[in-house]
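S.K.: For reference, the structure I am asking about is given below.
The values are calculated or read from the model by the stated rules, or taken from the named source; none is laboratory data. Computed from a predicted structure; not experimentally measured. Every residue, glycine as well, gets a Cβ built from its backbone with ideal geometry; the counts of neighbours run over all protein chains shown. What goes into the accessible areas is simple: the full protein's heavy atoms, side chains included, and nothing from ligands, DNA or RNA. Shrake-Rupley method; radii C 1.70, N 1.55, O 1.52, S 1.80 Å.
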Amino acid sequence: MLLRQLEYLTTLAREKHFARAAEACYISQPAMSAAIRKLEAELHVQIIQRGNRFIGFTPEGERILKWAYRILAERDALIEDVGAMREGLSGRLRIGCIPTALCVVPILTSLLCQDQPRVRVQVSSMTSIEIQRGLSQYGLDVGVTYIDNEPLTGVRTVPLYRERYLLLAAEDDLDDGESATWAEAAEHPLCLLSEDMQNRRILNSVFEQAQAKPQPAVETNSISALYAHVREGPWATVLPHSWLLRFGVPEGMRAVPLAEPQISKTIGLVLHDRDPEPILARAFVDTARRVDLDELLDATTPA
């Protein structure tokens, strides 16, 4: 068995097309098919469902694919670990982050890159489900997501900060109080994140707990788009307090904490549960533990 054969499998799983997978691997399609057939013969199982086009993997193939992700990830981790012993940390750290935490990640990545200038960082905006999948398929090194809400499997978690929620609305549309209730928030014309986002599922749960039924006029999977709509249009929104750190409160608007119920959720790092930990992921965790994000965010947020 060659590592190259496992790379062909993972590329085929990504591309879901023989010709595109072969092109991505810089080989001909017949050469890729022959390599996979040779692997099937060695393992005595059928890996690919046969047809005129790529249909999918057999159950045995799905199991082999999981091992392929793991073996290739361990190969990469070995190279990084040995390279760090010789030359210091280098390589690419792949981070998947939910949209509500994107504004906080630069605090950590900037510190990491100051300490380790040869490390490159790739940050991707993802749903929490995509982050879980990326970790399980070893396409991510670290995720930044909720760690105390929907269940996570096969990961280690490191808490970063507690996410709190604010109502952002035009000053004229808010009472003079220092806070607002969730029931009051539901009566505003709202712009909210879309249903595929865990943040929205959290908000839905809290609104239901408050026996409130919001009717969002605008839905988006982007916090930036949400902010832009609220700034330009007649809408209000419920946003995580961390976004005031980067965007502040638009002119003519006010952000107040939401109460009744008062709720917060923990944002944290998630890493694949494996030993030894990949050296870049471990360095990122060490960096995160040096920063008190709760204190930093609370300093910019209404009490």
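S.K.: Given (1) open to solvent by 60 Å² or more (accessible area, probe 1.4 Å); (2) within 21 Å of Val104 (Cα to Cα), identify the lone condition not met by Leu160.
M.R.: Result: Leu160 fails condition (1) only.
S.K.: Oh, and also: Report, by residue number, each residue of region 113-155 that is in a loop (DSSP other than H, G, I, E, B), under 19 Å from Asp286 (Cβ atoms) and free of Cβ contacts under 8 Å to residues at least 24 places away in the same chain.
M.R.: The one that is in a loop (DSSP other than H, G, I, E, B), under 19 Å from Asp286 (Cβ atoms) and free of Cβ contacts under 8 Å to residues at least 24 places away in the same chain: Pro117.
S.K.: Among the residues that make up region 141-154, is at least one of them open to solvent by less than 20 Å² (accessible area, probe 1.4 Å) and either closer than 18 Å to Ala212 by Cα or of a type in the set (Gly, Ala, Ser) (or both)?
M.R.: Yes, because at least one residue in region 141-154 is open to solvent by less than 20 Å² (accessible area, probe 1.4 Å) and either closer than 18 Å to Ala212 by Cα or of a type in the set (Gly, Ala, Ser) (or both).
S.K.: Considering Leu239, Leu245, which residue is open to solvent by less than 20 Å² (accessible area, probe 1.4 Å) and in contact with a helix residue (DSSP H, G or I) (Cβ under 8 Å, 6 or more places away or on another chain)?
M.R.: Within the list Leu239, Leu245, the selection yields Leu239.
Conditions (1) over 23 Å from the mean Cα position of the chain (by Cα); (2) part of a strand (DSSP E or B); (3) among the β-branched types (Val, Ile, Thr), marked per residue:
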position: Tyr165; (1), (2), (3): no, yes, no
position: Ala185; (1), (2), (3): yes, no, no
position: Pro234; (1), (2), (3): yes, no, no
position: Trp243; (1), (2), (3): no, no, no
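S.K.: Going by what's in this entry, would Leu280 be described as surrounded by fewer than 16 Cβ atoms within 10 Å (Cβ to Cβ) and either modelled with pLDDT under 95 or in a helix (DSSP H, G or I) (or both)?
M.R.: No.
S.K.: Are any of the residues in region 247-256 among the β-branched types (Val, Ile, Thr), assigned by the TED database to the domain that holds Val206 and either in contact with a strand residue (DSSP E or B) (Cβ under 6 Å, 6 or more places away or on another chain) or modelled with pLDDT of 90 or more (or both)?
M.R.: Yes, there is a match, as at least one residue in region 247-256 is among the β-branched types (Val, Ile, Thr), assigned by the TED database to the domain that holds Val206 and either in contact with a strand residue (DSSP E or B) (Cβ under 6 Å, 6 or more places away or on another chain) or modelled with pLDDT of 90 or more (or both).
S.K.: Which members of region 259-274 meet the condition of being open to solvent by 10 Å² or more (accessible area, probe 1.4 Å) and part of a strand (DSSP E or B)?
M.R.: Ala259, Ser264, Lys265, Thr266, His272 - these are the residues of region 259-274 that are open to solvent by 10 Å² or more (accessible area, probe 1.4 Å) and part of a strand (DSSP E or B).
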